[in-house]
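The values are calculated or read from the model by the stated rules, or taken from the named source; none is laboratory data. These numbers come from a predicted model, not from an experiment. FYI the Cβ positions are ideal-geometry reconstructions off the backbone, even for glycines, and counts take in every protein chain you see. Remember, those area values only see protein heavy atoms, side chains included, never the ligands or the DNA or RNA. Shrake-Rupley method; radii C 1.70, N 1.55, O 1.52, S 1.80 Å.
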Amino acid sequence: MKAADLFDVSGHVAFVTGAASGLGLAMAEVMADNGAHVVMADIDPETLERHTGRFAAAGASVEGVVLDVADLAALRAAIDAVAESRGRLDAVFANAGISAGPGYLTEVGKIDAVDPAKWDEVVQVNLTSVFATVQAAARHMKRQKSGRIVVTASIAGLQAETMVGYAYVATKTGVVGLVRQAAMELAPHNVTVNAIAPGPFFTNIAGGRLNDPEVAAAFSGMVPMGRIADTAELQGLALLLASPAGSFITGTAIPIDGGCTAG
């Protein structure tokens, strides 16, 4: 089979959370560039409008939904609305997430300094909203007997990470378990569920702190390839998992980390 057929998502309907920046924007872009209709959901209306306008001007089929994934009722309603209006739901990227702050190498990141309110906020966005996204997507995909669910995890969900906060590690570990469990249930329905586990990428998470040269140097030092990745470098994996090429891949958490988890 030719590559164009293996990775063909033309006419597919995709829903991406956290789609106005970073990894979510890269996911939305690669799906749109390859012919999918992409619903981009994000909490930032101005940035969302700018990128949906840019994609549409280039000929892509996109629409934007202003959405706070912490509002679970609104999240479920948005997914339902897309499936009902388009008559199908082929790929859902549960990508939206927030930082829990720095890791325990700093005083504010040590376990006795963790703020309970911040912990609850991170759990709501990074774990509970991901569960709600998977749950809502599964309802439609089970009925149509097909679908791809892709969750953004982290290498912090696969191993201890000194550079990120406790709540981030806990929630990303949690979503890896969620992916495995959902994959087992949904496999008989021809629905795949996978996680992408990124290492350091240049994104806006934590206020874009990776743009700080000192922070960037610290993160680069933990990567065997010696650098932080550009978000475009995630697009191939995202397309693989959402396309016919990924039809027999399910229940996995795939690192894309420049070798961080190799040792």
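Restricting the search to the stretch 123-163, which residues are buried (at least 19 other Cβ atoms within 10 Å of the Cβ), under 18 Å from A70 (Cβ atoms), within 15 Å of the chain's Cα centre (by Cα) and of a type in the set (A, V, I, L, M, F, W, C)?
The answer is V125, L127, V130, A132, V134, A137, V151.
Would you please list the contacts, defined by Cβ atoms under 6 Å and residues six or more apart or on different chains, that run from a residue in the stretch 211-222 that is in contact (Cβ under 8 Å) with a residue 12 or more places away in the chain to a residue that is surrounded by 10 or more Cβ atoms within 10 Å (Cβ to Cβ) and of a type in the set (D, E)?
none
I need the full set of residues from the stretch 246-263 which are within 21 Å of H189 (Cβ to Cβ) and of a type in the set (S, T, N, Q), in order please. Steps first, please.
Narrowing the stretch 246-263 to residues within 21 Å of H189 (Cβ to Cβ): 246-253.
Residues satisfying the conditions are S247, T250, T252.
Name the pairs whose Cβ atoms lie under 8 Å apart, with the first residue in the stretch 181-198 and in contact (Cβ under 8 Å) with a residue 40 or more places away in the chain and closer than 17 Å to P244 by Cα, the second open to solvent by 50 Å² or more (accessible area, probe 1.4 Å) and of a type in the set (G, A, S), and 6 or more positions between them or separate chains?
Here the result reads T192/S247, each pair linking the stretch 181-198 to a residue that is open to solvent by 50 Å² or more (accessible area, probe 1.4 Å) and of a type in the set (G, A, S).
Output the residue which, of all residues in the stretch 11-65 that are out of contact with any Gly (no Cβ under 7 Å at 6 or more places or on another chain) and of a type in the set (D, E), is nearest to I228 (Cα to Cα). Quick ask: steps written out before the conclusion?
From the stretch 11-65, those out of contact with any Gly (no Cβ under 7 Å at 6 or more places or on another chain) are 12-15, 19-23, 25-34, 36-39, 41, 43-47, 50-51, 53-65; that's our starting set.
Restricting the remaining residues to those that are of a type in the set (D, E) gives 29, 33, 44, 46, 63.
Details: E29: 20, D33: 24, D44: 25, E46: 27, E63: 30 Å.
So the residue we want is E29.
Restricting to the stretch 1-21, name every residue that is touching a residue at least 40 places away in the same chain (Cβ under 8 Å) and open to solvent by 20 Å² or more (accessible area, probe 1.4 Å).
D5, L6, F7, D8, H12, S21
Checking C260 against (1) farther than 24 Å from A100 by Cβ; (2) buried (at least 16 other Cβ atoms within 10 Å of the Cβ), which single condition isn't satisfied?
Tallying (1) farther than 24 Å from A100 by Cβ; (2) buried (at least 16 other Cβ atoms within 10 Å of the Cβ), C260 fails exactly one: (1).
If L75 passes every condition in (1) of a type in the set (A, V, I, L, M, F, W, C); (2) surrounded by 21 or more Cβ atoms within 10 Å (Cβ to Cβ); (3) in contact with a strand residue (DSSP E or B) (Cβ under 7 Å, 6 or more places away or on another chain) but one, which one does it miss?
So L75 meets the others, but not (3).
What helices (runs of 4 or more DSSP H) completely inside the stretch 164-234 contain at least 1 residues that are crowded, with 16+ Cβ neighbours inside 10 Å and touching a Cys at 6+ places or on another chain (Cβ under 9 Å)?
Numbers: elements: 166-186, 205-208, 213-220.
Filter on the stretch 164-234 gives an empty set.
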